[in-house]
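Take a look at the structure below.
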Amino acid sequence: MNHGFVKIAAAIPSVKVADCQSNTESILGQIRQCIEQEVQIVCFPELAITAYTCADLFHNHLLLDEAEKSLTYLLEQTKRQSIVCIVGMPVKSRNQLFNAAVAFQRGKILAVVPKTYLAAYNEFYETRWFSSAQDVVAKEVSLCGQMAPIGSDIIMRNQKFSFSIEICEDFWTPVPPSSFQALAGSQLIFNLSASNELIGKNNYRKQLITQQSARCIAGYVYVSSGFGESSTDLLFSGNGIIAENGLIIAENERFSLDEQLVVTDIDIERMSGDRQKNTCFMQGLSPLKTDSNFRIVPFELPVYQRFVLSRDVFPFPFIPTGLELNDRCHEIFNIQMNALAVRLHHTGIKTVVVGISGGLDSTLALLVCVKTFDKMGLPRKNIQGITMPGFGTTDRTYNNARQLIEKLGVTFREIDIKDACIQHLKDIEHEGELDITYENTQARERTQILMDIANQMGGLVIGTGDLSELALGWATYNGDHMSMYAVNNSIPKTLVRYLVKWVTENKMEEAAKHILLDVIDTPVSPELLPADENGDIAQKTEDVVGPYELHDFYLYYMLRYGFRPSKIYFLAQKAFKGKYDNDTIKKWLKVFLRRFFSQQFKRSSMPDGPKVGSVNLSPRGDWRMPSDASSRMWLDEAEKL
């Protein structure tokens, strides 16, 4: 596979009811299109060779014979092609007729999978014509001059991954066949369907698809009949829906009068990692449906000379898109608020101390405190907002910090740290060089002040550092690295800006909004080095460690899915095409890997704080790594990119 991806297609051909020759030509045409697009597996709708709405014509010998001839034609026309094709057709076996899916490759039938659950209610009469897979008598069927395995207990497998098949109604049942198939190892499930349209049915259908792909931690490819099926009593709109572990990654436009082909890539490696991490997954394995109860059919995964990723890669994996952004921000902010409220309630403390720099992180922490106090009925004056100007503090950040504290009705306190830092540097015989000691002295002085004021007030020091800083170790050990409760420790830097903006627009009084908007536009900086000749911020974090949008991308895919550097690099090229060249992506990837491994010791002693997403670095929760772990293998692979 290419970086763990398999290119698949959901094909919706135009059909003519009971015209096998016409339908087969449409199917073959779409197979050829798939080959041109280097698709590895293509799936067609239920009974695509005959059409689904043939009704009592399924009892006619001519129709059944022509369907088999059509399959023979498809086998002959594709015998030199490695693409795996799955088509729906009626199949005779012994004295039974099955609504079946036929998988074939290079002119050979791999397997015949009959439908298990036959709809026989409302508009459906399938038991009038077909037998269930549960009633299969023989283990093999003679079809097109070949002997092929038949049954719902079949999984197609090669050295890289496995796939299986179910048909339409199968996945509308309480326990679909694909649930057992997934437990037996199938990572990719194809559903050949017909499924007519009704008001509201499509939304329910999509919910079933996403839920089944999520429960099975699998790719789910759903394709149903479209234009040409009989409209005597029903209408078929044509659905091509492809989901991956609970998320729809590609779908077509319904009600089209034309043939459609939905092509995308399923990340098998991603789902394999999730199954491995989720130790509950295999605990659901029934003793009656173990791997030994399934027949394994080998197949060859097509290999093409080049690989172009068909799916988009969103550059900001921590940031939801569209309407989800508002809901997610609301949820995240409420997690932060309620977590802090629990800690305050548990300790009985009614005062918090926050260092306010005028930057994004401390602003978000302050907003969490303000809204938590409002919710708990505590006065905002119990929040101690401390600004501590140092050698690099600019007028812009100082004024924003001061005005924000005052506009929010928080207790304002200013403590200049310059003299204390000068004295400390003198005490340790530091010559005044603007080095790391010079910078960290300021960070530790600020933390000492916050801790001591918290002792004075009987309060909690609220940490302001975020997830991205923890990943990179961009914090002074026992300086801003430490607090009594860290409300931002699960919020990545790229999301902090969106959260502050969301709170500004949805939760804030008008008096504070203009200040918050300026904070949002302020460059990220620790302000530990003197300002430039114009009094502006001279020390910009991203000039030193690299763009946070890249680091957050690397962090997400390394921790959430355990991807190796080569795959992260491949995805980043797609996600940031036109913004960063390959050398830049590689440069900062190496920086990320080097810092991530070397800075684990800071994360091993990080304070408590709420988890809000699937990626978290708490040593008590999601991430346990030795501080002495070597980065050599990861850096060696990155160097070879």
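The values are calculated or read from the model by the stated rules, or taken from the named source; none is laboratory data. What you see is a predicted model; the values in this text were computed from it and never measured. Backbone-built Cβ (ideal geometry, glycine too); neighbour counts: all protein chains shown.
Determine whether residue 114 is at pLDDT 95 or above and surrounded by fewer than 20 Cβ atoms within 10 Å (Cβ to Cβ).
It is false that residue 114 is at pLDDT 95 or above and surrounded by fewer than 20 Cβ atoms within 10 Å (Cβ to Cβ).
Between a residue in the stretch 520-538 that is assigned by TED's automatic domain parsing to the domain that holds residue 363 and in a loop (DSSP other than H, G, I, E, B) and any residue that is at pLDDT below 70 and of a type in the set (Asp, Glu), which pairs come within a Cβ distance under 8 Å, given they are 6 or more apart or on different chains?
Correct list of pairs: 537/527.
Quick check: anything in the stretch 318-329 outside the structural domain of residue 106 (by TED's automatic domain parsing), crowded, with 20+ Cβ neighbours inside 10 Å and outside any helix (DSSP H, G or I)?
Yes.
Looking at (1) in contact (Cβ under 8 Å) with a residue 60 or more places away in the chain; (2) part of a loop (DSSP other than H, G, I, E, B), which is the only condition residue 264 fails?
Of (1) in contact (Cβ under 8 Å) with a residue 60 or more places away in the chain; (2) part of a loop (DSSP other than H, G, I, E, B), only one is false for residue 264: (2).
Within the stretch 447-466, how many residues turn out to be closer than 14 Å to residue 387 by Cα and in contact with an Asp or Glu (Cβ under 7 Å, 6 or more places away or on another chain)?
2
Restricted to the stretch 117-169, and to residues that are more than 36 Å from the chain's Cα centre (by Cα) and β-branched (Val, Ile, Thr), which residue is surrounded by the most Cβ atoms within 10 Å (Cβ to Cβ)?
So, considering only residues that are more than 36 Å from the chain's Cα centre (by Cα) and β-branched (Val, Ile, Thr), the one surrounded by the most Cβ atoms within 10 Å (Cβ to Cβ) is 141.
Criterion first (modelled with pLDDT under 95 and crowded, with 19+ Cβ neighbours inside 10 Å) does residue 447 satisfy it?
In short, no.
Determine which single condition residue 419 fails, assuming it passes every other condition in (1) surrounded by fewer than 14 Cβ atoms within 10 Å (Cβ to Cβ); (2) in contact (Cβ under 8 Å) with a residue 40 or more places away in the chain; (3) on the phi < 0 side of the Ramachandran plot.
Going through (1) surrounded by fewer than 14 Cβ atoms within 10 Å (Cβ to Cβ); (2) in contact (Cβ under 8 Å) with a residue 40 or more places away in the chain; (3) on the phi < 0 side of the Ramachandran plot one by one, residue 419 breaks only (2).
Please go through (1) within 19 Å of residue 608 (Cα to Cα); (2) modelled with pLDDT under 95; (3) not hydroxyl-bearing (Ser, Thr, Tyr) for residue 391 and return the number of the only condition it doesn't satisfy.
(1)
Just to be sure, is residue 175 over 16 Å from the mean Cα position of the chain (by Cα) and in a strand (DSSP E or B)?
Criteria not met by residue 175.
Name every residue in the stretch 29-48 that is in contact with a helix residue (DSSP H, G or I) (Cβ under 6 Å, 6 or more places away or on another chain) and surrounded by fewer than 21 Cβ atoms within 10 Å (Cβ to Cβ), in order of residue number.
Scanning the stretch 29-48 gives no hits.
How many residues does the stretch 224-261 contain that are part of a strand (DSSP E or B) and either over 20 Å from residue 47 (Cβ atoms) or over 29 Å from the mean Cα position of the chain (by Cα) (or both)?
8
Anything in the stretch 343-379 that is in a helix (DSSP H, G or I) and more than 18 Å from residue 464 (Cα to Cα)? List them, or say none.
345, 346, 347, 374, 375, 376
Could you figure out which of (1) in a helix (DSSP H, G or I); (2) more than 39 Å from the chain's Cα centre (by Cα); (3) closer than 23 Å to residue 474 by Cβ isn't true of residue 433?
(1)
Does residue 104 qualify as being under 18 Å from residue 188 (Cα atoms) and either surrounded by 17 or more Cβ atoms within 10 Å (Cβ to Cβ) or out of contact with any Phe, Trp or Tyr (no Cβ under 7 Å at 6 or more places or on another chain) (or both)?
Criteria met by residue 104.
Against the definition (farther than 26 Å from residue 519 by Cα, surrounded by fewer than 20 Cβ atoms within 10 Å (Cβ to Cβ) and at pLDDT below 95), how does residue 452 come out, yes or no?
No; evaluated as a whole, the condition is false for this residue.
Is it fair to say residue 464 is in the same structural domain as residue 411 (by TED's automatic domain parsing), within 21 Å of residue 484 (Cβ to Cβ) and under 36 Å from the mean Cα position of the chain (by Cα)?
yes
Hey, residue 501 hits all of (1) in contact with a Ser or Thr (Cβ under 8 Å, 6 or more places away or on another chain); (2) assigned to a helix (DSSP H, G or I); (3) among the charged types (D, E, K, R) but one; which does it fall short on?
The one condition residue 501 does not meet is (1).
Given the stretch 564-641, what helices (runs of 4 or more DSSP H) lie entirely inside it while holding 1 or more residues that are touching a helix residue (DSSP H, G or I) at 6+ places or on another chain (Cβ under 7 Å) and acidic (Asp, Glu)?
Here the list reads 632-639.
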